[in-house]
1. State whether the residues of region 31-47 include one that is over 14 Å from ILE6 (Cα atoms) and in contact with a Ser or Thr (Cβ under 6 Å, 6 or more places away or on another chain).
2. Could you list, in sequence order, the residues of region 49-89 that are in contact with a Lys or Arg (Cβ under 9 Å, 6 or more places away or on another chain), modelled with pLDDT under 85 and acidic (Asp, Glu)?
3. Got a sec? Which of SER49, SER13 is out of contact with any helix residue (DSSP H, G or I) (no Cβ under 9 Å at 6 or more places or on another chain) and either farther than 19 Å from GLY126 by Cβ or not basic (Lys, Arg) (or both)?
4. Could you list, in sequence order, all residues of region 70-83 that are surrounded by fewer than 16 Cβ atoms within 10 Å (Cβ to Cβ) and either free of Cβ contacts under 8 Å to residues at least 24 places away in the same chain or touching a strand residue (DSSP E or B) at 6+ places or on another chain (Cβ under 9 Å) (or both)?
5. Just one of the numbered conditions (1) touching a Gly at 6+ places or on another chain (Cβ under 7 Å); (2) in a loop (DSSP other than H, G, I, E, B); (3) hydroxyl-bearing (Ser, Thr, Tyr) is not true of TYR77; which one?
6. For PRO86, are the conditions met, namely being open to solvent by 40 Å² or more (accessible area, probe 1.4 Å) and either more than 29 Å from PRO55 (Cα to Cα) or not in a helix (DSSP H, G or I) (or both)?
7. Go through region 49-78 and count every residue that is closer than 22 Å to ALA129 by Cβ and of a type in the set (Ser, Thr, Tyr).
8. Looking at region 101-124, can you tell me whether even one residue there is modelled with pLDDT of 85 or more, of a type in the set (Gly, Ala, Ser) and crowded, with 17+ Cβ neighbours inside 10 Å?
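The values are calculated or read from the model by the stated rules, or taken from the named source; none is laboratory data. The structure presented is a predicted model; accordingly, all values stated were derived computationally and were not measured. Cβ sites come from the backbone with ideal geometry, for glycine too, and all protein chains shown count toward neighbours. When the accessible area is computed, the model is the full protein with side chains, heavy atoms only, and any ligands, DNA or RNA have been set aside. Shrake-Rupley method; radii C 1.70, N 1.55, O 1.52, S 1.80 Å.
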Amino acid sequence: MPVISILNQKGGSGKTTIAINLARAYQLMGHSVLLVDSDKQGSSRDWQSANENNPIPLLVLDKVSIDKDLKKVIGKYDYIIVDGSPQATEIATATIRASDFILIPMQPSPFDIWASNNLIELIEQGRAANPKLKAGICHTKLKSHFIT
């Protein structure tokens with residue numbers, strides 16, 4: 001049962017959008033999924049409350065003990081998707097410890113690339129404790145160019 005966390009210290013990078021859509025995609029494939037909102041801003045909570053018939057269960061874990069709290073639900077779901085908190089905080093560090101895979105949404109700009117350095121360092125530190133931890137970058141807000 002993988003824990004997939006969507007993390008980026010910049011706001012507006014697309015973390016919540018990716019987390020919600022990834023959770024729903026796994027659910028539509030027949031998997032049991034838990035969406036975890038670890039951001040004190042609560043965008044996933046807002047999304048869920050706006051959708052009365054929302055089929056995705058949501059758990060709020062916006063505290064430093066997220067890694068310990070997630071252990072209580074591991075095994076109850078096929079996938080746990082964490083909508084991560086912005087900034088390289090203690091919550092982000094605890095989320096990394098609990099994760100199997102970190103997805104970093106990143107806009108194609110120098111500022112976004114520079115801002116990700118702290119998060120990448122935290123992930124590398126997390127690998128010291130969990131060598132199986134994987135991570136990847138997902139480019140967001142790309143402009144399409146078509147040749148006609």
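1. So far as region 31-47 goes, no, none of its residues is over 14 Å from ILE6 (Cα atoms) and in contact with a Ser or Thr (Cβ under 6 Å, 6 or more places away or on another chain).
2. Listed by number, the list holds a single entry, ASP62.
3. After ruling out the rest, the residue left standing is SER49.
4. LYS72, ILE74, LYS76, ASP78
5. (1)
6. Against the criterion (open to solvent by 40 Å² or more (accessible area, probe 1.4 Å) and either more than 29 Å from PRO55 (Cα to Cα) or not in a helix (DSSP H, G or I) (or both)), PRO86 does not qualify.
7. Residues meeting the conditions: 1.
8. no
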